[in-house]
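*Asks:* There's a structure below that I have some questions on.
The values are calculated or read from the model by the stated rules, or taken from the named source; none is laboratory data. In this text, all values refer to a predicted model and were calculated from it rather than measured experimentally. Ideal geometry is used to build each Cβ from the backbone, glycine not excepted, and the neighbour counts take in all protein chains shown. Surface accessibility is based on the protein's heavy atoms, side chains included, excluding ligands, DNA and RNA. Shrake-Rupley method; radii C 1.70, N 1.55, O 1.52, S 1.80 Å.
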Amino acid sequence: MFGFVFGSSASFGSNTNTVTSSSKLSSRPISRSYSNQNSKKCIIHCTLSSSPLSSSPLSRNSAEASSTNDKLAVLLLNLGGPERPQDVEGFLYNLFSDPDIIRLPPLLSPLQGFLANEIARSRAPKSRKAYESIGGGSPIVRITNQQASAVETELSTRGLNAKVFVGMRYWHPFTEDALKEILEYNPSKLVIVPLYPQYSISTSGSSLRVLNSIFTSQKNEWNPLKIDHTVVSDWYARDGYLNAMSSLILDQIETLNEDEMKSMKVMFSAHGVPESYIEAGDPYQKQIEDCCELIMNKVREKSGKNVESVLSYQSRVGPVQWLQPYTDVVLEELGKEGLENLVVVPISFVSEHIETLEEIDIEYRELALESGIKKFLRVPALDCNEAFIKDLADMAIEASMKPSVRVNEAMNLSVLGDTSAADLNDVAVEFGFNSSAETLNGRLAMLTLAALAATQYVSGPGITQLSWLFR
């Protein structure tokens, strides 16, 4: 999850879509072929029982959901990632071409592609080294495909005629490609599930805007009378998800002996976003805080112990204020306090990728040990955790049986923080930077840097000075 703001006049979303399709963002030819990662450092086993879920609350309702032999499609949305070193620069270009990642003032918006190209070129060598440290590329595509296959199998065991598709925002397989496959499948119902438990403008919102743009430009193909689509915009409070997360945390806690438990905390590390996003209506911070509290309630209930926890935010970039406290700062403070044992939970992620395997496992582990923490235990991402897969299947069935929430409705309601509103006609939606958001620190500095980019568009060399913002 990334987000960076130049200036103060950007808009956070609307029903009018101006997002360019991600597969067409790159000005350079990018091969659509890609290879799976088989490095031992990145091997993640996904297992799922194929036995029928007689205990599932929704297993008995599956026949009802498919009684007319209607075909169900489920679209899992995710970030995407380079699977080979040669993919890194193209992936970064697509990432920074997204207006939800780098927000320019309207007058400078024509420079979006130019800036993306320069930043991607400048940052690629460092990013390539990071990916090389985890085996050469990101496992996120492979794992998401495994998750899709597991959910499809689970739905099949419940008697549904369903197929699960994967759409990535910034790399292959792109969301646009998944939609083409869905049209060929010709389902009567499409359930869209962003694989981000908590909603953010910069993650779920960005993917949904791509969908909204396509649905708007291809109204005939995506007419709800032909394919009725619905969106599950956030799902951090689902009992199945909470149980899966709490169980993984307890697995790590139970490796500690009684003495080690006397000096132990759980640290949730969430991906950060600029504070200006929250001020402009992004519900991400509140959902993260609520999610951590709900998970810890489960942990305490299951363990019978009053386990302490702390929340921090990782992966900040640039000089603007991001959500705090920062993970690296918290690690140093915990070390100074004399904490000896730490259980680290990546809370924004449901699959292993660069920010868990490299940033947490390598960078933060090293910092923690240097700060005096003796034992650094990292809770694995959910990946194909059986309880998680079952909950995804439950989620898809539930959504298919409820009144549909359209893509643009999901975007509007999520930003408003009201997912239960019944009448959108009565909702006054104000997107973009409001008066409070315009007070973000560094606004003048960012405008200056953006102006530098504009003035040096022709001469060229100075633009590389902006690359430090993304290091």
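*Asks:* Which of (1) of a type in the set (D, E, K, R); (2) assigned to a helix (DSSP H, G or I); (3) open to solvent by 50 Å² or more (accessible area, probe 1.4 Å); (4) within 20 Å of residue 244 (Cβ to Cβ) does residue 355 not meet, given it meets every other one?
*Replies:* Of everything listed in (1) of a type in the set (D, E, K, R); (2) assigned to a helix (DSSP H, G or I); (3) open to solvent by 50 Å² or more (accessible area, probe 1.4 Å); (4) within 20 Å of residue 244 (Cβ to Cβ), residue 355 misses just condition (3).
A quick yes/no check of all residues on (1) assigned to a helix (DSSP H, G or I); (2) touching a Cys at 6+ places or on another chain (Cβ under 6 Å); (3) open to solvent by less than 20 Å² (accessible area, probe 1.4 Å); (4) closer than 30 Å to residue 216 by Cβ:
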position	(1), (2), (3), (4)
361	yes, no, no, no
367	yes, no, no, no
376	no, no, yes, no
381	no, no, yes, no
391	yes, no, yes, no
411	yes, no, yes, yes
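*Asks:* Looking at segment 373-387, I want the residues that are closer than 17 Å to residue 253 by Cβ and have a partner that is of a type in the set (D, E, K, R) and surrounded by fewer than 22 Cβ atoms within 10 Å (Cβ to Cβ) with Cβ atoms under 7 Å, at least 6 apart or on another chain. Which pairs are those?
*Replies:* Close Cβ pairs satisfying both conditions: 373/340; 374/340; 375/260; 375/340; 376/365; 378/361.
*Asks:* Also, quick follow-up: Can you tell me which of 294, 357, 311, 331 is touching a Lys or Arg at 6+ places or on another chain (Cβ under 9 Å) and not aromatic (Phe, Trp, Tyr)?
*Replies:* Of 294, 357, 311, 331, the one residue that is touching a Lys or Arg at 6+ places or on another chain (Cβ under 9 Å) and not aromatic (Phe, Trp, Tyr) is 357.
*Asks:* So if I check each of 232, 210, which one is surrounded by fewer than 24 Cβ atoms within 10 Å (Cβ to Cβ), of a type in the set (A, V, I, L, M) and under 30 Å from residue 278 (Cβ atoms)?
*Replies:* Just a single option satisfies the conditions, and that option is 232.
*Asks:* Return the residues of segment 72-89 that are open to solvent by 10 Å² or more (accessible area, probe 1.4 Å) and part of a helix (DSSP H, G or I); say none if nothing qualifies.
*Replies:* 85, 86, 89
*Asks:* For segment 302-310, state whether one or more residues are at pLDDT below 95, in contact with a strand residue (DSSP E or B) (Cβ under 8 Å, 6 or more places away or on another chain) and more than 11 Å from residue 268 (Cα to Cα).
*Replies:* No: segment 302-310 contains no residue that is at pLDDT below 95, in contact with a strand residue (DSSP E or B) (Cβ under 8 Å, 6 or more places away or on another chain) and more than 11 Å from residue 268 (Cα to Cα).
*Asks:* Just the residues that are acidic (Asp, Glu), assigned to a helix (DSSP H, G or I) and under 22 Å from residue 319 (Cα atoms), please, taken from segment 90-147.
*Replies:* 118 - this is the single residue of segment 90-147 that is acidic (Asp, Glu), assigned to a helix (DSSP H, G or I) and under 22 Å from residue 319 (Cα atoms).
*Asks:* Please go through segment 233-265 and pick out each residue that is among the hydroxyl-bearing types (Ser, Thr, Tyr), in a loop (DSSP other than H, G, I, E, B) and more than 20 Å from the chain's Cα centre (by Cα).
*Replies:* Correct list: 255, 263.
*Asks:* Select from segment 128-151 the residues that are of a type in the set (Ser, Thr, Tyr) and buried (at least 21 other Cβ atoms within 10 Å of the Cβ) and list them in ascending order.
*Replies:* 131, 138, 144
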